[in-house]
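Q: There's a structure below that I have some questions on.
None of the figures in this text is laboratory data; all of them are computed from the coordinates on show. Model, not experiment: these values are computed from the prediction. Counting neighbours? That spans all protein chains shown, and the Cβs are built from the backbone with ideal geometry, glycine included.
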């Protein structure tokens, strides 16, 4: 083997991995957007084959040799190639520990589970989903051992979504947040809540669709490269930096649900669209970690989208989309309504303040599930108990309880903490951004370009070129969750006159 | 190798081919339905890789050995397996003659060409599409040699879409039709045309969408297995017999355009959905040939959909969807309007009678293009000249001329004649069906189940299990294009009082 040939092999390998990922992602996207309902069988077969082919390709001894050859010569490689080899070697080591048949079975299971979860949620019937979930948990515990047998299984899974993060780190992180947030929530509990009844007037889906188009424009999302469609649970799929899809869900009696899901997914989309061209079709093309990704989505959703200047900027236009519904509402009333802090049932509808407690419920359950101290059959009971304990709310059914999120049906255990981490990263980025540029002047006239440019420069462009920790350091400095707590304290003290 | 192992290998090979086909088909479907506009690059890379991987898989010497091994033992195989091996050997022989790099380049070219064709059509700018079309033609001439070097190139391509059909056969076929149809068209030219102005009133897309849902119900298409979406050019994608997609296009000033495209694509969909379960995920899963496929789509579109009993059956319901637009219209007037025979510009909007002349234009051009006697740059001129000659119409621009169809941009040369063949097959099937069952009683009450069942039994269920010629014989008896001519003569004589 000589170096140039090996480098060509490296590029080709990554192109192939990209193609399998895109094909498989497209089948998944289709499944939840336009596919007819009873089509899981044929898609499952295709997904299983694609996963198997990708696995065979990536786990071959030749790939191992290629990567070793290049790693031995890493001093001769540029930063881009060196980093690609480093990342691929890490993935290769993991993958080659998972037997091919288990890997294929898992891909088919995830496909089936998605379908079952949808039905289970629709009918609020946990039993329908339970057998699949049990298999998913068992697979993940087994896979955790393949990932890093020296770690506790849940630590190994957490490391997949946010490298370097473990239960010890998160226990402390959540303890800090709890210590600062819970008293705030209690204090707010004593106060009079702002009226938000106008958010629940009838907002026709068709008008909301047009409003989404407007929001995408405000966010600076180029529709020639970013499409929006509708799914049960909103998400973002970034195939490459010129092809990103976001989804939302229109609730005709909750205008803010889709509004903030579009801004949230728009934040993810901006990240994917801004990754630099030279990282495309390589293993470094996407966002660097789930936590950093969530920092971007929640940055736009909360720090910008739920800020007074932003709402004042877009509210006049919003009244054009919903003239009757918002006839008697001011921007200030709207601002207060969408920032109403009140313990509730649904994570994706939760306010900025109580949100982290929703994440903590899931974190506690995952910790026990993967740790082997909680059986899948006991999830509903535990879920309901923790919601009562942390948030003080009674869960009326599993649809609004442990079946509300799609993550577990997709096999994602260890993902949820990223949402809370992302919120905290984002708050610290804002603090730094405010030191660097005039944030609120432009935002108050609906111009997000400077904010976007700061994030592009500090975070987005790097894709996976830097380690997650480096990106966080780049944009946050030394990570300190109390910056997030300070932000929440200041915002909610003003809102509720504490 | 022992037989059971080889049979397992046969099943696995076909599952893999199915998966690649589905993945690639899904990327194509996405491209023309929901993908953002400027996303061709990343999709092209993925399509190229998938085509290459599929090619590598299918063209490997091991596959050749497997197929030879099974072919040598064909007496020990059941009909299903024997037929699979026969078909796969044919495809293998062809594929292994195409060099892998040419195959991949072609896949990428088709992806690009689709995008270019869309833009060219939008701007009526043939030059934009010309370079890609030149490459497509060159590739197809080369591929024709790989398919069957003993045949003239266009004969080799025709054989791909309808095995056994060649230029000699088609020249005669079209001559027969011409001899019978052209006098009819001339005779009609002397007659007063029925009023069809009400078809061009304003029919809002939203109401047309609901009408499409109704039509799919009448056709007996199960929405849990068949979705409908919107594209420039309507088409059908059958991934398997439980997952079929049709598309249509709503023209707010031509209600019959989408109406008949839904019924046409619905006919294709019924075929794919009725192929028997034991053929799924094998090379025999889809319709047997383009001609037979078109016989089914045009059967529903014209023989049923443009029949008086069918229109009388659905018209009352249609008036519910379009109360104002059809207020002063009777079923009889509607029947006459959608059967108005008049030379026109657009094939997909052409009436049943002049339709074959549109096909003849394309047949003549393809014959010369692939035969090397016509240059791509001269297509517009030739197209316009032939439209004048055959149909007596002046083509005002390439958008309504040689850029109207998507087939060439998809690399399909030799496909068009299938439309005319399909029409003729369909007419003969109807004649036989009328001998077997009461066709018009149930249809006149909107019940297509008996018609569907006859077609399922005679045609659909077999998928690719029989040769195209056998299926035609099954349903038509000895093929005779004059049955189609008789049908047209009878129908149009009555309509125009000839």
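Q: So the label point sits 7 Å from Cα along the Cα-to-Cβ vector; using that for residue A:371, what distances do you get to the other copies, in nanometres, sorted shortest first?
A: Label-point distances to the other copies, shortest first: 8.0 nm.
Q: Please give the FRET efficiency for residue A:60 paired with residue A:149, using the beta carbon to beta carbon distance and R0 = 22 Å, rounded to the nearest 0.05. The partial results should precede the final answer.
A: Values: r = 23 Å, r/R0 = 1.05.
Once rounded, the FRET efficiency stands at 0.45.
Q: Let a ≥ b ≥ c be the square roots of the eigenvalues of the Cα gyration tensor of the range B:426-484; is it rounded (a/c under 1.5), or, if not, prolate (a/b larger than b/c) or oblate? Could the numbers behind the result be given before it?
A: Values: a/c = 2.91, a/b = 1.41, b/c = 2.07.
It comes out oblate by the Cα gyration axes.
Q: Starting from the Kirkwood Rh over alpha-carbon pairs, what translational D in µm² s⁻¹ does the range B:40-103 have by Stokes-Einstein at 25 °C and 0.890 mPa s? Could you put the intermediate results ahead of the total?
A: Values: Rh = 13.0 Å.
The diffusion coefficient I find is 188 µm²/s.
Q: Moving on to the next point. Can you tell me the length gained on complete extension of the stretch residue B:214 to residue B:232, counting 0.36 nm per residue apart and subtracting the Cα distance? Write down the numbers at each step before the final one.
A: Details: separation 18, 0.36 × 18 = 6.48 nm, distance 2.15 nm.
Stretched fully, the residue B:214-residue B:232 segment lengthens by 4.3 nm.
Q: Now for a different question. For the range A:89-189, rounded, prolate or oblate, judged on the Cα gyration tensor with a ≥ b ≥ c (square roots of eigenvalues), a/c < 1.5 rounded, else prolate if a/b > b/c? Display every interim value, and only then the final one.
A: Values: a/c = 3.29, a/b = 1.25, b/c = 2.63.
Since a/c reaches 1.5 but b/c is at least a/b, the shape of the range A:89-189 is classed as oblate.
Q: Please give the direction-averaged projected area of the C-alpha convex hull for the range B:340-421, in square nanometres with one decimal.
A: Details: hull surface 20.3 nm².
The Cα convex hull of the range B:340-421, projected and averaged over all directions, gives 5.1 nm².
Q: Please work out the ratio of the alpha-carbon Rg of the range B:383-478 to 2.2 N^0.38 Å and round it to two decimals. Before the final figure, lay out the partial values.
A: On the way: Rg = 18.3 Å, N = 96, 2.2 N^0.38 = 12.5 Å.
Normalised by 2.2 N^0.38 Å, the Cα Rg of the range B:383-478 equals 1.47.
Q: If you don't mind, another one. Assuming a ≥ b ≥ c are the square roots of the Cα gyration tensor eigenvalues, decide whether the range A:263-347 counts as rounded (a/c under 1.5), prolate (otherwise, with a/b larger than b/c) or oblate.
A: Working: a/c = 3.34, a/b = 2.04, b/c = 1.64.
Verdict is prolate for the range A:263-347.
Q: How high is the relative contact order of the range A:100-245? Use alpha-carbon pairs under 8 Å, at least six apart in sequence, and give a whole percent. The partial results should precede the final answer.
A: Details: 62 pairs, mean separation 13.2, N = 146.
For the range A:100-245, the relative contact order is 9 percent.
Q: Calculate the mean, over all residues of peptide B:7-20, of how many other protein chain Cβ atoms lie within 10 angstrom of the residue's Cβ. Show your work: numbers first, answer last.
A: Working: counts 0, 0, 0, 0, 0, 2, 0, 0, 5, 6, 1, 4, 14, 5.
Mean number of neighbouring Cβ atoms from other chains: 3.
Q: Once you average over the residues of A:24-31, how many Cβ atoms of partner chains fall within 10 Å of each Cβ? All intermediate terms of the calculation are to be shown ahead of the outcome.
A: Working: counts 3, 1, 12, 7, 0, 3, 11, 1.
Going residue by residue through A:24-31 and averaging, the value is 5.
Q: Looking down the axis that turns B into A, which residue of B has the closest beta carbon, and how many Å out?
A: Axis relating chain B to chain A; nearest Cβ residue and distance: B:23, 2.
Q: Averaging the inverse of every distinct alpha carbon separation and then flipping it gives the Kirkwood radius. What is it for the range B:87-126, in angstrom units? Let's see the in-between values first.
A: Details: mean 1/r = 0.0831 Å⁻¹.
One over the average 1/r among Cα pairs gives 12.0 Å for the range B:87-126.
Q: Ok, one more. Take every DSSP beta bridge with both residues inside the protein assembly as shown and express the antiparallel ones as a percent of the total, to the nearest 5. Intermediate values should be presented prior to the final figure.
A: Values: 8 of 18 bridges.
Among the beta bridges of the protein assembly as shown, antiparallel pairing accounts for roughly 45 percent.
Q: Sort shortest first the distances from residue A:222 to its counterpart in every other copy, using label points 7 Å along the Cα-to-beta-carbon line, and give them in nm.
A: Label-point distances to the other copies, shortest first: 4.4 nm.
Q: Is there a simple number for the mean count of other chain Cβ atoms within 10 Å of the Cβ of residues in A:270-281, and what is it?
A: Values: counts 0, 0, 0, 0, 0, 0, 0, 0, 0, 0, 3, 5.
Neighbouring Cβ atoms belonging to other protein chains average 1 per residue here.
Q: Sticking with this structure for a sec: If you average the sequence gap of Cα pairs under 8 Å that are 6 or more apart and divide by the length of the range B:167-303, what percent do you get for the contact order?
A: On the way: 173 pairs, mean separation 28.8, N = 137.
It rounds to 21 percent for the range B:167-303.
Q: Same structure again: Neighbour counts of other C-beta atoms within 10 Å: give me A:402, B:178 arranged from fewest to most.
A: Values: A:402 25, B:178 15.
Fewest-to-most Cβ neighbours within 10 Å comes out as B:178, A:402.
Q: Let me ask another. How big is the C-alpha Rg of the protein assembly as shown next to the rule-of-thumb value 2.2 N^0.38 Å, as a ratio?
A: Dividing the Cα Rg of the protein assembly as shown by 2.2 N^0.38 Å gives 1.02.
Q: Kirkwood hydrodynamic radius of chain A from all distinct Cα pairs, in Å? Before the final figure, lay out the partial values.
A: Numbers: mean 1/r = 0.0423 Å⁻¹.
For chain A, the Kirkwood estimate is 23.6 Å.
Q: Among DSSP beta bridges lying fully in chain A, give the percent that are antiparallel, nearest 5.
A: Working: 4 of 9 bridges.
Antiparallel bridges: around 45 percent, rounded to the nearest 5.
Q: Here's a follow-up. Describe numerically, in nm with one decimal, the distance between label points set 7 Å from Cα along Cα→Cβ at residue A:450 and at residue B:124.
A: If labels sit at residue A:450 and residue B:124, their model points lie 4.8 nm apart.
Q: Enter the per residue convex hull volume of the range A:1-147, computed from alpha-carbon coordinates, in Å³ rounded to the nearest integer. Don't skip to the end; give the middle numbers.
A: Details: hull volume 17.7 nm³, N = 147.
Once divided by residue count, the hull of the range A:1-147 is 121 Å³.
Q: Label points 7 Å out from Cα along the Cβ direction at residue A:342 and residue A:276: separation in nm?
A: 4.8
Q: What is the fewest-to-most order of B:29, B:128 by other Cβ atoms lying within 10 Å of their Cβ? Walk me through the numbers on the way to the answer.
A: On the way: B:29 23, B:128 18.
If I rank by nearby Cβ atoms, fewest first, I get B:128, B:29.
Q: Given an 8 Å cut-off on Cα distances and at least 6 residues of separation, report the relative contact order of chain B as a percent.
A: Values: 689 pairs, mean separation 94.9, N = 498.
That works out to 19 percent.
Q: Label-point separation (nm) for residue A:494 and residue B:73, each offset 7 Å from Cα along Cα-to-Cβ?
A: 7.9
Q: Can you tell me how much longer the chain between residue A:319 and residue A:134 gets when fully stretched, taken as 0.36 nm per residue apart minus their C-alpha distance, in nm with one decimal? Intermediate results must be reported in sequence, preceding the final value.
A: Values: separation 185, 0.36 × 185 = 66.60 nm, distance 4.76 nm.
Roughly 61.8 nm would be gained on extension.
Q: Please report, for residue A:328, the nm distances (one decimal) from its label point, 7 Å out from Cα along the beta-carbon direction, to the equivalent points in the remaining copies, shortest first.
A: Output for residue A:328: 4.7 nm, nearest copy listed first.
Q: Any chance you could get the radius of gyration and Dmax over the Cα atoms of the range B:194-258, in Å?
A: Cα-based Rg and Dmax for the range B:194-258 come out at 13.2, 42 Å.
Q: Taking neighbour Cβ counts within 10 Å as the exposure measure, how do B:472, B:393, B:359 sort from fewest upward? All intermediate terms of the calculation are to be shown ahead of the outcome.
A: Details: B:472 26, B:393 15, B:359 22.
Lowest count first: B:393, B:359, B:472.
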